[in-house]
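The values are calculated or read from the model by the stated rules, or taken from the named source; none is laboratory data. Given the structure is predicted, the values throughout are model-derived calculations rather than measurements. Ideal geometry is used to build each Cβ from the backbone, glycine not excepted, and the neighbour counts take in all protein chains shown. The accessibility values were calculated without ligands, DNA or RNA, using every heavy atom of the protein model including side chains. Shrake-Rupley method; radii C 1.70, N 1.55, O 1.52, S 1.80 Å.
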Amino acid sequence: LEESAKKGELTVPVVVGLWRPVVHLPRAAKDWSAERREAVLAHEHEHIRRLDLWWQFTGTLGVALYWPNPLLWWAKQQLIDECERACDDGVLARGVAPSRYAEHLVEVARGLGAAKSGIEWEGGLAMARPNRLQQRVRMILDPMRSHEGVTKKTV
């Protein structure tokens, strides 16, 4: 766990590194409640556990090699969205209340909007777009949606 303090300061939590992934938190994380920090770290650790950086790297490589194909661009975005949903489900599976987790997610996104860092590569920019954030919150709060992961039996 490291805290960013450089000029291009992070405004959202991110995982960096393919071989030795590290969770980086924004400076504002020191003001978060312990509950919010735990939920955020659980989400980021789900990305590490699921090897999402590798999957997203593969998607980016595919888009780079076949950039004229709009289906690959669409598929890469679906991959990113699905990674986020799966990590959200992983946090909920750890016992975090959906309403509290949704609140934490909105507050982290609100902090991103307030910072307006201009760093375009931050993964949080995608998560904080209003339509994506609404979709995630709706899925988190949907009582009819299962938040259990895929089991061997399901596969």
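Here are a few things to note about the model shown:
- Charge dipole (region 1-106, unit charges on Cβ, about Cα centre) - positive-most of 73, 54, 98: 54
- Full-stretch length increase - residue 66, residue 135 - with 0.36 nm per residue and alpha-carbon distance subtracted: 22.0 nm
- Sulfur and carbon atoms: percent of accessible area, region 1-88 [1.4 Å]: 62
- Full-extension gain in nm, residue 20 to residue 77, via 0.36 nm per residue minus C-alpha separation: 18.1 nm
- When 52, 81, 142 are compared by accessible area of protein heavy atoms, the largest-first order is 142, 81, 52, using a 1.4 Å probe.
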